[in-house]
1. Please count how many residues of segment 223-246 are surrounded by fewer than 17 Cβ atoms within 10 Å (Cβ to Cβ) and in contact with a strand residue (DSSP E or B) (Cβ under 9 Å, 6 or more places away or on another chain).
2. Based on this model, can you work out whether residue 239 counts as in the same structural domain as residue 173 (by TED's automatic domain parsing) and either within 30 Å of residue 135 (Cβ to Cβ) or in a loop (DSSP other than H, G, I, E, B) (or both)?
3. Tell me the strands (runs of 3 or more DSSP E) entirely within segment 332-402 that contain at least 1 residues that are more than 29 Å from the chain's Cα centre (by Cα) and more than 21 Å from residue 321 (Cβ to Cβ).
4. Considering each of 349, 321, 308 in turn, give the residue that is under 27 Å from residue 222 (Cα atoms) and out of contact with any strand residue (DSSP E or B) (no Cβ under 7 Å at 6 or more places or on another chain).
5. Is it true that some residue in segment 200-210 is in contact with a helix residue (DSSP H, G or I) (Cβ under 7 Å, 6 or more places away or on another chain), modelled with pLDDT of 90 or more and closer than 30 Å to residue 16 by Cα?
6. Between residues in segment 182-196 that are exposed (fewer than 11 other Cβ atoms within 10 Å of the Cβ) and residues that are part of a helix (DSSP H, G or I), which pairs lie under 9 Å by C-beta distance while being six or more apart or on different chains?
7. What do you reckon, is residue 334 touching a residue at least 24 places away in the same chain (Cβ under 8 Å), crowded, with 17+ Cβ neighbours inside 10 Å and under 25 Å from residue 58 (Cα atoms)?
8. Yes or no: segment 1-15 includes at least one residue that is modelled with pLDDT of 85 or more, closer than 23 Å to residue 313 by Cβ and loosely packed, with under 15 Cβ neighbours inside 10 Å.
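The values are calculated or read from the model by the stated rules, or taken from the named source; none is laboratory data. Computed from a predicted structure; not experimentally measured. Don't worry about glycine lacking a Cβ; one is built from the backbone with ideal geometry, like all the others, and counts go over all protein chains shown.
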């Protein structure tokens, strides 16, 4: 699973990416500072099941702090874009190509309105961030539209010869975007084109198909960044009303980055996603008065002021659990929670809601799926069949015939 971090230039996109991953990315106050895509590992935060068993887990990947498990997921920070990106303006073509691999998008916007349409700094609240919500969706829709239209006359002739091929041919055209025949069938139905001969389709028909497929294959959450700027929260509340069908999460990437850097250097105690932090004894001695004042500003004006902390962790979690509809499942044994190396509850898998015990077995290893006999709910010791639907944070043992 890959989540793309996208948005207009200079809205704090790379700051958000670094705050999430602590990757060494270039951050500056001018457009196109991100030229090549940055790859990094972010983490979703969940309540670890180790607490239920009175043990401390030892993750093979990720980490666990005070029974808060951090499960890794790949992030990609792509070049910022400007209006007309689908026509190649700015870094548009590269931006769109880099997005191909993403399963979902985090659209970072400057909710304070201090970055104009071209990614240039302006006076806070002087630019309407609602424009950015619309323009990214338009760019992505045009991108899909362009791919669908490529060689359209040839495709239309091919389909005309055998109308039943319509879903297969069009799905193949957009196969690189994760479109299959079933999804294409749904798109045609939504666009009202199931009974309309292909040669009679208009360009508007193709665009409606493209917009529908973009929403399905590139689901998006909007990170309302710079929420700590005075007046920004009012913008956030307004945009939620103006776009009731969009998913907004307010955040301050700059605050999260400062807290994570301080925690990384052992100056404060801070768990990502928490709504508070403490300066420890080392921090008291090493931090300057100016640095302490900056941290206390974050505490008073971000963490204590808003119910979501800095919001950065909430963005990642919301993208994974609400946008993509995933759940976390732990492999384990009724008699032993550790692997052969002694690592307790070493793994945590992300699966789609509605996944079964058999799906989970195949997720771990093909042999487990092929030789599946039954599963056991480690929490309740109850035997489960292959069609049992899993719930978030289940701990499951797979029993095989070999």
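1. First, pick out the residues of segment 223-246 that are surrounded by fewer than 17 Cβ atoms within 10 Å (Cβ to Cβ): 230-231, 234, 237-238, 240-246.
Those left that are additionally in contact with a strand residue (DSSP E or B) (Cβ under 9 Å, 6 or more places away or on another chain): 240, 243, 246.
Total meeting the criteria: 3.
2. On the way: in the same structural domain as residue 173 (by TED's automatic domain parsing): no; either within 30 Å of residue 135 (Cβ to Cβ) or in a loop (DSSP other than H, G, I, E, B) (or both): yes.
Spelling it out, it is not the case that residue 239 is in the same structural domain as residue 173 (by TED's automatic domain parsing) and either within 30 Å of residue 135 (Cβ to Cβ) or in a loop (DSSP other than H, G, I, E, B) (or both).
3. Details: elements: 349-352, 372-377, 382-384, 394-400.
The strands (runs of 3 or more DSSP E) meeting that bar are 372-377, 382-384, 394-400.
4. Details: 349 fails: out of contact with any strand residue (DSSP E or B) (no Cβ under 7 Å at 6 or more places or on another chain); 308 fails: out of contact with any strand residue (DSSP E or B) (no Cβ under 7 Å at 6 or more places or on another chain).
When all the criteria are applied, what remains is 321.
5. In the first step, residues of segment 200-210 are kept if they are in contact with a helix residue (DSSP H, G or I) (Cβ under 7 Å, 6 or more places away or on another chain); the result is 206-207, 209-210.
The next check asks that each one be modelled with pLDDT of 90 or more; those that pass are 206-207, 209-210.
So of that shortlist, the ones also closer than 30 Å to residue 16 by Cα come out as 210.
Checked against the condition, which is being in contact with a helix residue (DSSP H, G or I) (Cβ under 7 Å, 6 or more places away or on another chain), modelled with pLDDT of 90 or more and closer than 30 Å to residue 16 by Cα, segment 200-210 yields at least one hit.
6. Cβ pairs passing all conditions: 182/167; 182/171; 192/205; 192/208.
7. Working: touching a residue at least 24 places away in the same chain (Cβ under 8 Å): yes; crowded, with 17+ Cβ neighbours inside 10 Å: no; under 25 Å from residue 58 (Cα atoms): yes.
It is false that residue 334 is touching a residue at least 24 places away in the same chain (Cβ under 8 Å), crowded, with 17+ Cβ neighbours inside 10 Å and under 25 Å from residue 58 (Cα atoms).
8. Yes, segment 1-15 contains a residue that is modelled with pLDDT of 85 or more, closer than 23 Å to residue 313 by Cβ and loosely packed, with under 15 Cβ neighbours inside 10 Å.
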